[in-house]
Amino acid sequence: MYDVNTHDVRRFFAYVWQHRFTPLQLDGLQQKALRIIEAHPEYEHYLADIDNYLDKNWLPEDGESNPFLHMSLHLSLQEQAAIDQPPGIRAIHAQLCARYHDDWIRAEHEMMDALAETLWEAQRYGRGLDVNAYMTRLRKLVGLGQEEHARLNPHDVGLSDKISERE
């Protein structure tokens, strides 16, 4: 889901909801989204009436939580775990799922705070995601500390640096 806007994300989830009775016609990402939607029945009314929620802003200061952001964070975590990117996230996801007796929703809700904080920092300070801070937050959830060696953040490497390292 690259280069999408808020409306696209909301329509994506609504489309999945509309096609819930024919799940085999959904692609892999859509099937993951359906599983997330089904785990959050409190969001179904937004999906059933999507046109009234395309431009809605949920404000945390009013005690509101954006259901589309919430579902998108679940989807991001599942995709990260599926491809183990950043490396180690799959094991953390599995450990948390095991801790909560295969309750992946509870596991991802814990992980979600780390992802949301990392995204917030990147947005607030106008920089890319800090994979080291993100992984440290995730590792703390399973009783681990900061990694021994720092990872390279993709946004910290200029294109010329990447080219000069080629042989």
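Read the figures in this text as sums done on the coordinates, not as results from a lab. This structure is a prediction, so every number in the text was calculated from the model and none was measured. Virtual Cβ from ideal backbone geometry, glycine too; neighbours counted across all protein chains shown.
A quarter of the convex hull surface defined by the alpha-carbon atoms of the range 96-155 gives 4.4 nm² as the mean projection. For the chain, the relative contact order works out to 14 percent when only alpha carbon pairs closer than 8 Å and six or more residues apart are counted.
Potential lengthening of the chain between residue 48 and residue 25 amounts to 6.4 nm, from the contour at 0.36 nm per residue minus the alpha-carbon distance. Mean residue ellipticity, 222 nm, helices only, the chain: the sum of -39500 (n - 2.57) across DSSP H runs of n ≥ 4, divided by residue count and rounded to 500, is -18000 deg cm²/dmol. Sorted fewest first by neighbouring Cβ atoms within 10 angstrom, 151, 139 come out as 151, 139. With a simple spin-label model that places each label point 7 Å from the Cα along the Cα-to-Cβ direction, the separation between residue 55 and residue 148 comes to 5.6 nm.
Within the range 47-119, which trypsin sites (Lys or Arg not before Pro) sit in a loop by DSSP and count at most 16 neighbouring Cβ atoms inside 10 Å?
Of the trypsin sites (Lys or Arg not before Pro), the ones in loops of the range 47-119 whose Cβ has at most 16 other Cβ atoms within 10 Å are 56.
Taking label points 7 Å from Cα along the Cα-to-Cβ direction, residue 91 and residue 124 give a separation of 3.0 nm.
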